[in-house]
Structures are given as C-alpha cells and as structure tokens.
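Working notes, beginning with the structure itself.
The values are calculated or read from the model by the stated rules, or taken from the named source; none is laboratory data. Model, not experiment: these values are computed from the prediction. Please note: Cβ atoms are built from the backbone with ideal geometry, for glycine as well, and neighbour counts cover all protein chains shown.
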Amino acid sequence: MDKLNLDNHISQQFNSDLEALKTQLLEMGGLVETQVFNAVKAIEEVDSEIAMQVIGDENKVDQQEVDIDEQCTLVLAKRQPAASDLRMVLTVSKAVRDLERIGDEAHKVAKMAIALSEEGVAPHGYTELRHIGSGVQRMLRNSLDAFARYDVEMAVNVVKEDRLIDQEYKTAMRELVTYMMEDPRSISRAMNVLWALRSMERIGDHARNLAEQLIYMVKGKDVRHASLSEIEQHIKAN
Amino acid sequence: MDIVTEERIEKSKATTAESAVSLKKESNPMDSTVESKPAENGPAGVEQYLGQETIGTPYCDNPKMTARNVKVYYGEKQVMHDVSLDIGEHEVIAMIGPSGCGKSTFLRCLNRMNDTIDTCRIEGDISLDGQNIYDPKLDVVPLRARVGMVFQKPNPFPKSIYDNVAYGPRIHGLVNHRAELDEVVETSLKRAGLWNEVKDRLDQPGTGLSGGQQQRLCIARTIAVSPEVILMDEPCSALDPIATAKIEELIAELSENYTIAIVTHSMQQAARVSHRTAYFHLGKLIEANKTELVFTNPQHEMTEAYITGRFG
Amino acid sequence: MNKATQRTIDIVEKNLSKRYRAEKRFRLYGLMSIGFGLLCLVVLFTDIISKGLPAFKQTRILLPIEFNRDDLGISDATDPEQLRAGNYEAILRNAIRGKFPDAKSRRDKRALSAMLSNAASFHLQDTLAENPDLLGETVSTWILADDDVDVYVKSLDGFGEPFTGRLSEQQIGWVQTLIDDEAIRTQFNTTFFTASASREPEQAGILGAALGSLFTLVVTLLLSFPIGVAAAIYLEEYAPKNKFTELIEVNINNLAAVPSIIFGLLGLAIFINMFGLTRSVPLVGGLVLTLMTLPTIIISSRAAIKSVPPSIREAALGVGASKMQMILHHVLPLAMPGMLTGTIIGMAQALGETAPLLMIGMVAFIVDLPAGITDPATVLPVQIFLWADSPERAFVERTSAAIMVLLAFLIFMNTLAVWLRKRLERRW
C-alpha cells in the first residue's frame, strides 16, 4: 500500500453524510442568525411587524433541530464513527440544541418588542440593548464562522467576549433597576427591556457554548467548565 | 438561504479538503530531518515516518514483556522497523493496522513462532520478565508454554476434546496422575466457557464442534499449560457475531489472570476488549496509547486517518 | 430485455446442442475405452482361470493295498528305520497288477506301474507310520496317479479331443477300465498347496515358493518401512533447503524409475560378492527388494506428510511441543494412512518382482521348504516362470493356477490398502 488517499473516507456515502451534517448545521445557524438580527432590530426600533415575523419563523428553527438530530442518530448507527468524526457528530448534535435555544431567546426578545410597542417605549435601556445586541450577534457570527473554518483562535475569542458581555449585562441590569426604583411607573416597561436584555445575554452564553464545542471537536479537549487560562493552555499544548 | 450562510458552507467544504491535505504533507515538528517527499510512492509512504518516535505511551511500568528496536527481515526485505513496545502485566493490548502492516509478524515474534519460517530473521531485544527470549541458550519449548497462542482459524487437534486439552499438560509433565489431569481439563474448559457444553462428550473429536466452540477449545488448550501471556492472532475473524461476542466476553474474564495481546482487524473489537491499543503501519509502530484516547482523540494523523476509515 | 441480451441468448441456445453433442461423444469415447479395457480383462481372467482351475484337482486311483510284511520287509511298523527301508513299490506293484492281471510282459508291467505317481510310496510310508496296525492288513487306498493319467482324465471332461500325451493305447484302455469300475476319481489337490517344487507335476506345489515370497516380503517390509518413513520425515521436516538436499531428492525420484534388474545387479555385486552373503536366500532377496521399494515408499510418505495442514503443526508448536513431539504425536498419525497405502502398494509391487531376484539366484530348483530367511528359497513369480518353461503338459495348468494364487494375493493386498486408507482417514 503505497498510495494513501487521505482526503476522503473510503466510503463516499460516509463522506457526503458527514459533509451534509455540517452544511445543515450552518444552514440552521444562518436561519437563527437572521432571527436574532430581526429580533434585535424589532426591539430597537420597536417594530411589531418584524417581531411577528420572528415569531412566525420559530417553528422552522425547531423543525431543523429535529431533522439534524435525526441525521446524527443515523450516522452514529450506520457508521460507528471514531475519533474526529465521532467528535464532529456529537458536536453537531449538541450545537443544534444551543442554536434552538438561541432561536427561543430571539423569540422572547421579539415578544418583548411587541409588548413594548403596545405599552409604550421604555425610558432607558436602548443603548444597552443596542450594544449587547450587536455584541451577541457578533459572537454568534464568529462562532459559526469558526465552525466553518475550524478556527480555534476565533472560538477562544468568542469565549473571551462572553465574559465582557456578561459584565455589560450586569451593569445594564443594575442601572435599569435603579431607574425602576426612581420611577415606579416605568417598571413594567423597563421590565420588558430587562427581559430582552436577559435573553440577549443568554444568546451570548449559547454562542459561547458553540465555541467551546468547536474547541472540543477540533482539539479533542472538553473545555466546557474550564477557566480561560486553562483553555489557552490546552490549545497551546496541541 | 442568505449569502453569509452560503459563503460559510463553501468555506466549510474547503476546510475539510484542506485539513485532509494537511494530513498528507504535514511535516512533524519532532523530526526535522524528514523532508516531505512528493508523491513518489504516493502521498504517504512510511518513509516520512521512519525515525520518528512512537506517539503516546508505548512503555509502561513493570511490563510483562518488552520489545526494543525489533527489526524483522524476510530474506532481504525489511518488514518491521525498530518497534519498541511494552506489554503490561494483566493488561489486554490490541494491535491494529491495515493489512500487511506487520502486527501478526510482531505477535509471532513474541513466542518465537517465526522461527519456523526459514527466511525470517529477527534483530532487537524481546524479553519476558526481563529475560531475553532470543538468547541462543534459551530453550524455546518452555517459552511457548509460558507464552501461548490462539490462531486465526480454529485448529483443534484431530483427537478427542479431552485429549486436546490434556495434550499440553501431558507433554510438559505438569500432572502426575489421571485425577489431576481430569481436574486441569475441567478447569481449563470452565475458564474457556466451554465446560457446560461439552462435559458429557469429552471423548468425542474436537473437530466435531462448531466454529466458536472450536476456538474456545483452542483457548482452553492454551490455558491448560498455565501460560503467563496469551497471544491471539485475529481469533474471531472466522466466527459469527454471537461466537465473537462470547469470546470477547471471555477475553475480559481471562485478563484477570493472564496478560493478553490480541491482533485484530476490527477496530470496534479493539475498542471493546483492550486496555491499550497499538497502531502499526507498514512495519512501524505509529502510536500506542490507552484505548479510550486512541479512539476518541488519536494524536498521530495516520492513526486518525486509519480509525476514521480514510484508508485501510 | 434489450437487444444485446436477446442476441446473446440466441447465440447461446444455438451452440447449446453442439456442446451437448460434443459432450455425449466424449462420454461415449470414455465408455468405449473402459469397455474395451474391461473386455480384455475378462478375456485374460477367463483364460487364466479356465486353464488353472483343473490344477486344483488331482486324480487318484482306488487300489486294494496289502501291507504284506514279507513284501515290505517290515516286521515292526513302529520302528522308523524299518519304515524308511520298506519296499512300498512292491506292494504298489502287487496292487495294480492284481487289478490288471493280463499285463504279463515286463514292458506292460512297467507301463502299469508308470500310471502311478512316484510319490505314492512315500504316501504309503506316511500312512503306515500313522497307523502301525495296518501292517498285514489290506486297505483300499486312493493312490495318487501319474501326471499323464491326471491330464488325460481331466481332459475327458473338457472340450475337444481328450489329451493322450505320452499314454499308450494300452494305458488308455486301462484307464477306461478304471473309469468304468469307478476306481478313479478327481479330488481336491491339497498337494498343490502343501508341497514344494518337484520335477513330477503331480507332486509339485507352491508352498515352497509361497513361503519364499513371504519371507522375502517380511524382510522387505521390516527394512523398507522404517527406513522409508524416517527418510521421508528427514527430507520433509529437517533437511535444510540447499543444493545437497535437492540432489538427494532428484536421485530418489529417479531411482523410482530405474529398471528393477539393475537392483538385482547391485545386489549381486554388493550383497553377494562384497559382503559374502549366501545366494538365493530371502534375506538377500529382501535386501534387494528393499532398495527397489524405498523410493516408492519415500515419495508416497513425503506426499502424506506434506498433506498434513500447517495449522496442526503450528497448534502443536504453540502449545509447547518440541519438533520431534510435533512430528511423532501429530504429523505421523495423520500421515499414516497415506504412508501405509504407499507401503502396501510398494509391497504388492515387490511381490510380483522377478528380474532382480533372478539376478541374485532365487531361480534355483529348491525342493525343501525354507524354514527361515537364511534358507535357500524361490519366490512365486520365479516359480511361475520356471513352470511355464517346463515341457510337461500338467505344468501348464499348474502355471495358471499359480498365477491365480499370485493375483489373488495382489488383489487382497491392494484391497487391504484401500480399506486401511478409508478406515484411518481422519477429517480435520
């Protein structure tokens, strides 16, 4: 055996099955990204029409989660993948869950947008909404890009950014609570903003999960509960 | 689907292709003397991996058998390149690799079965309990009693079941009278999981059993001489899945008392039965590590490629 | 069904009848050849058997024998000396002259006595020795007839003209009288199986030759089997693969094709001239035949050993058997059927060998039965050869009878080989 053909599995079907999984995941990612973009836009501009669109597209996201999970099961059953292939299938299976959750959170943000449009604009929090909103969108976009490129560096940056987003969220929350204490009439409207911010923070967490899963897939190291320094150590070691 | 996603998908496909190419040409930072050879004999002949250290944990503490710098030649052709491996006490080590990679050859070196092949020449050190087994003064007969072997095709002697198991103890003089011999036969058959099926027909020929039973009979025959190490050369390749499962079960039980080295073509089998796995490629030991690691996160790209089915 | 398959099927069907016809023709040729072979075999056997069967019978003449003390010259029938010295010819003469009193002239009387076998007197001696009380008594005894009478009487029952041979008209007349009186009969020829060679056909038997063959074969078997098997084991298991071994193998294979008479020359030159062994004894015959059958045994034993699968050897070695144990406990028992078959076939071949034994002298006329391997003897094929040369008509049938006995032995041995092989065959 002199000639090794290492780009493909010997079974072409296996090759295309694995590739299809990745493609489907990225498609779902794209859909979820759109959902998040629309939800953030809806709440920034208090546009209930866009919000309704987000709510309507929710079931598409759910359906994709079901489909991709089924594909993963089939690949596991038929091919007994090992090593990197196994990690890839497991990662896809977990990633769709996080993506579906992101979809849920976008749905919630859209609902807050509708509530705000009905009850009236909140006095504060829109800057934070914009900031955190664009932050988590960036995180999601980077996670998905990292996924497409197997880019571990980018994934680590997403993890780092999540810390910042968490900080921002805490700050924003404190401020809003202060405002609510000062002006009790704005409580219900402010609460809507609060819920929206919370959902966005959750979106950031899920995006970070995606990044951690990518690190596991590429490096074989489970970094879900490791500290940042530990993560960087693991990356360097390999 | 929006443009961004489309671009991503394209990028993803390109990445898969790229990472595969890197498997071909990645020069290992550990060895700077190897230049990446362009496809003379294909993208990955073994030449680029010669001179590299085996990745993982080929050595262990208190090994039962050790091999150091083992080279095997068939006539002029070298088929095994500097293999160094330890086999730990009471461990099950699986040897995997594509056809012709030398795993069976290596296994047969461990009990000097390669002596029966005239053109075969072996260099290097192989020791059992610290004693070099290729020492010219060492008698090969007791060595084979200490290191037993089970072959790919079940090969019971054309004698009765009893005589099959009793042959070894008889010729080595391990028992003094009939009652002791009966006991040894019974124990061996029980340990091999065959006693209940054959206890009423011990005088019938061993060749009348089914394939799986024959293989268990061969295992019983091997353990009747109380070996310390059992070598198994693809013991299940001629058997159906149920017989295979029974023997894998047996291997797990046997590992409590014996050290076992098993060569197998089936990676799933290696994953199921072994504690450590050694991956051979064209006569070189590429990686040897704990089985969980090898099958979830192999460190050498050749191991990765073989295990995921990119060649074999 | 597309056009391509349509055409293929048509072509196939067209050629089918031609193919079947060719096969039928081929089968027919085969059957014809077999039929022809069988026909020849039938003709051969019919010829031999029809010629040989009469030899199993001998003619005897009923005569009243008076054990007259004075004529015999014996007073005490228990004394071996007297028994040996007794004049049995006299009482025989008396008996037959009593039957035909009108034979007066000397020539006639001699012609009368010539109708009885020379051996008759010895038979009477034996009879008297067994029953000493017969002395002085008259007993009707069936006396062995001379071979001329024997042939004539047997030919009366056969096809065509009766064979008179050396019998005169007068003798024929006497025989006829005896037939009419029912004083002549044919009975089973025990002499054939109990006597050794003799010039007189009616006294000739194959026992001597049979014993000679037996001793020779025993010597051959005892020498060639162990040496052959050992040589085969050495060549298959131990011999290194070099030019010297190849030389040995080539020589052994060629020896199997050497004309057997060369072995006879070898035996003459080495065993008899150089070692000074006696001529014509089964020991030397056995040695010569050993040399001849060794290649056959070695070749068939090697084939038998080679046919033992290597998996059995590996299994034995894997359990810790030494090389010798592996060979003795596993290879030999499994190869034994093939070895035995080869040996028996070699023995059957040796049984029928004549030329080499002629060279070492086993062609002599041996009257005494051999008692051991160092007594002079002859072998069955040689005996047949000698009898075939003899002029007496009676030897013709005896030759055929001896051939039948030899064939029976050969068939028996080959059947034994087949039976043994079937019996000992083991499946692994």
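Table for the structure above
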| quantity | calculated |
| --- | --- |
| Test: A:Val75 is under 23 Å from B:Gly309 (Cβ atoms) and under 15 Å from the mean Cα position of the chain (by Cα) | no |
| Where a residue in region B:225-240 is without any contact (Cβ under 8 Å) to a residue 24 or more places away in the chain and its partner, wherever it lies, is of a type in the set (Val, Ile, Thr) and in a loop (DSSP other than H, G, I, E, B), with Cβ under 9 Å and at least six apart | none |
| Matching residues, region B:129-159, being within 14 Å of chain C (Cβ to nearest Cβ) and outside any loop (DSSP other than H, G, I, E, B) | B:Val140, B:Val141, B:Pro142, B:Leu143, B:Arg144, B:Ala145, B:Arg146, B:Val147, B:Gly148, B:Met149, B:Val150 |
| Region B:258-312, residues that are away from every other protein chain (no Cβ under 11 Å) and of a type in the set (A, V, I, L, M, F, W, C) | B:Ile260, B:Ala261, B:Ile262, B:Val263, B:Val273, B:Ala278, B:Phe280, B:Leu285, B:Ile286, B:Ala288 |
| Residue within region B:54-65 that is modelled with pLDDT under 90, within 14 Å of chain A (Cβ to nearest Cβ), out of contact with any Asp or Glu (no Cβ under 8 Å at 6 or more places or on another chain) and more than 21 Å from B:Gly130 (Cβ to Cβ) present | no |
| Among the candidates A:Arg224, A:Arg174, A:Arg185, residue that is without any contact (Cβ under 8 Å) to a residue 40 or more places away in the chain and either in contact with an Asp or Glu (Cβ under 7 Å, 6 or more places away or on another chain) or of a type outside the set (Lys, Arg) (or both) | A:Arg224 |
| Residue in region B:115-128 that is farthest from B:Lys71 (Cα to Cα), counting only those that are surrounded by 14 or more Cβ atoms within 10 Å (Cβ to Cβ) and away from every other protein chain (no Cβ under 11 Å) | B:Leu128 |
| Output for region B:160-192, where each listed residue is over 22 Å from the mean Cα position of the chain (by Cα), assigned to a loop (DSSP other than H, G, I, E, B) and more than 12 Å from chain C (Cβ to nearest Cβ) | B:Val175, B:Asn176, B:His177 |
| Any hit, region C:409-427, residues being assigned to a loop (DSSP other than H, G, I, E, B), under 30 Å from B:Pro158 (Cβ atoms) and of a type in the set (Asp, Glu) | yes |
| Subset of region C:288-317 that is polar (S, T, N, Q) and more than 14 Å from B:Pro158 (Cβ to Cβ) - its residue that is nearest to the other protein chains (Cβ to nearest Cβ) | C:Ser301 |
| Evaluation of A:Ala148 against (1) without any contact (Cβ under 8 Å) to a residue 40 or more places away in the chain; (2) of a type in the set (A, V, I, L, M, F, W, C); (3) within 14 Å of chain B (Cβ to nearest Cβ) (one fails), failing number | (1) |
| Residue in region C:318-332 that is nearest to B:Arg146 (Cα to Cα), counting only those that are aliphatic (A, V, I, L, M) and surrounded by 17 or more Cβ atoms within 10 Å (Cβ to Cβ) | C:Val319 |
| Filter pass, A:Met180 being more than 19 Å from A:Val218 (Cβ to Cβ), surrounded by 19 or more Cβ atoms within 10 Å (Cβ to Cβ) and without any contact (Cβ under 8 Å) to a residue 24 or more places away in the chain | yes |
| Subset of region A:75-90 (residues that are buried (at least 19 other Cβ atoms within 10 Å of the Cβ), among the aliphatic types (A, V, I, L, M), assigned to a helix (DSSP H, G or I) and within 10 Å of chain B (Cβ to nearest Cβ)) | A:Ala83, A:Leu86, A:Met88 |
| Of the criteria (1) more than 36 Å from the chain's Cα centre (by Cα); (2) charged (D, E, K, R); (3) closer than 30 Å to C:Val405 by Cα, which one C:Arg21 fails | (3) |
| Members of region B:279-308 that are in contact (Cβ under 8 Å) with a residue 24 or more places away in the chain, touching a helix residue (DSSP H, G or I) at 6+ places or on another chain (Cβ under 6 Å) and outside any helix (DSSP H, G or I) | B:Tyr279, B:Phe280, B:His281, B:Leu282, B:Lys284, B:Ile286, B:Glu287 |
| Residue identified as assigned to a helix (DSSP H, G or I) and loosely packed, with under 15 Cβ neighbours inside 10 Å among C:Phe225, C:Phe215, C:Phe244 | C:Phe244 |
| Matching residues in region C:114-143 - criterion: being more than 20 Å from C:Ala204 (Cα to Cα), within 35 Å of the chain's Cα centre (by Cα) and crowded, with 16+ Cβ neighbours inside 10 Å | C:Leu128, C:Thr141 |
| Out of C:Ile48, C:Ile61, C:Ile65, sole residue that is surrounded by 10 or more Cβ atoms within 10 Å (Cβ to Cβ), more than 30 Å from C:Ser113 (Cβ to Cβ) and either touching a strand residue (DSSP E or B) at 6+ places or on another chain (Cβ under 6 Å) or touching a residue at least 12 places away in the same chain (Cβ under 8 Å) (or both) | C:Ile48 |
